[in-house]
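To start, the structure itself, in structure tokens.
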Amino acid sequence: MEPLQFDIPAIVREKAPNAHVPGFVLRYLERITHVEQMNRFLRNNPDLHGYPFIRKVIAEELNCTASITGLENIPQDNRPVIFVGNHPLGGLDGMIIAQMIHEHRPLPLRVIVNDLLMFMRPIAELWVPISKLGGQSREYARQYQAAWEAEQDILTFPAGACSRRQRIDGKWQIRDLEWQKSFIQKAQQYKRDVIPVYFEGHNSRFFYRLAYWRKRLGIKLNIEMLYLVDEMYGANGQHFTVHVLPPIPYTTFDASRSPKEWAEYVKNIVYASNHTGC
């Protein structure tokens, strides 16, 4: 029997070694994470990795298309920058944005991601892992620091999780949770300009209802995260638009505001560019 490229029981054992997960739960996880489809794609494309892998996943496995506005806002020099964006889809949006930046920037690009994505071996080379289920390992901390010190661009989603449905100014909107301040601190430390990106898109109603009721019931475990692969496959055939906004010089982030306030400032710029109502 040919071994699985994605092995849910093995992943669970690695991430939660002391947990006893019943077989029917593992089988359900395999279904909602589309293990069979992903493994079929990997078997059919054994030599693909990096951006060619991403390109084929988007165009052929998911049959998705994307367009970009604001190309003039992507610098063509060799000074590393920080791309920051909203995170409405929780996975596919990151791949689409990374692919587009790769096509229009001379420098390499690394993406700060949930460390679970490191199990996607063909594109693990593009990721900078951050642990969401436990403490940050020394190796992950080393990789994180090295990523900022290298001559390469960084793409990060400061919310640290995909967007949720929230009531804002009396209206329900799909919007990120609070943006973390670390990208502001890195922009100041490494003198990197920040380029905001707005991604048009949203997940299913089921996803937002699950997130809402999970929170209402006081469940801390981010259950809806388990459905992000299912959401990705549910986006089959869709078209997405990425808006690249004018760069913000790192010198903007002075002592007049705290890093947390500057992070909120950039977040507001991103959402001010949204004319779709999402």
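The values are calculated or read from the model by the stated rules, or taken from the named source; none is laboratory data. Because the structure is a prediction, the values reported are computed rather than measured. Cβ atoms come from the backbone with ideal geometry, glycine included; neighbour counts cover every protein chain shown.
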Selection from segment 113-130 of residues that are in contact (Cβ under 8 Å) with a residue 12 or more places away in the chain and assigned to a helix (DSSP H, G or I) = ASP115, LEU116, LEU117, PHE119, ARG121, PRO122, ILE123, GLU125, LEU126
Scan segment 162-170 and give yes if some residue there is part of a helix (DSSP H, G or I) and either without any contact (Cβ under 8 Å) to a residue 40 or more places away in the chain or not assigned by TED's automatic domain parsing to the domain that holds LYS260 (or both), otherwise no.
-> no
Every residue from segment 230-278 that is assigned to a loop (DSSP other than H, G, I, E, B) and under 27 Å from GLN189 (Cβ atoms) | LEU245, PRO246, PRO247, PRO249, PHE253, ASP254, ALA255, SER256, ARG257, SER258, SER273
Which one of the conditions (1) within 17 Å of the chain's Cα centre (by Cα); (2) not in a strand (DSSP E or B) does ARG110 fail to meet, given that it meets all the rest?
-> (2)
Within segment 168-189, restricting attention to residues that are surrounded by fewer than 20 Cβ atoms within 10 Å (Cβ to Cβ) and of a type in the set (Asp, Glu), which residue is nearest to ALA272 (Cα to Cα)?
-> ASP169
Taking segment 171-187 and keeping only residues that are of a type outside the set (S, T, N, Q) and assigned to a loop (DSSP other than H, G, I, E, B), one is left with ASP176, LEU177, GLU178, TRP179, LYS181
Kindly provide the set of residues from segment 14-33 that are under 24 Å from the mean Cα position of the chain (by Cα), over 14 Å from LEU226 (Cα atoms) and part of a helix (DSSP H, G or I), ordered by number.
-> GLU14
Of all residues in segment 74-104 being assigned to a loop (DSSP other than H, G, I, E, B) and in contact with a helix residue (DSSP H, G or I) (Cβ under 6 Å, 6 or more places away or on another chain), the one that is nearest to ALA124 (Cα to Cα) = GLY91
Right, ARG214: over 27 Å from GLN145 (Cβ atoms), surrounded by 13 or more Cβ atoms within 10 Å (Cβ to Cβ) and more than 20 Å from the chain's Cα centre (by Cα) or not?
-> yes
Would you mind stating whether ARG79 is more than 24 Å from TYR250 (Cβ to Cβ), assigned by TED's automatic domain parsing to the domain that holds GLU264, surrounded by fewer than 14 Cβ atoms within 10 Å (Cβ to Cβ) and of a type outside the set (Gly, Ala, Ser)?
-> no
Might you check whether a residue that is of a type in the set (Lys, Arg) and not assigned by TED's automatic domain parsing to the domain that holds GLN238 occurs anywhere in segment 11-25?
-> yes
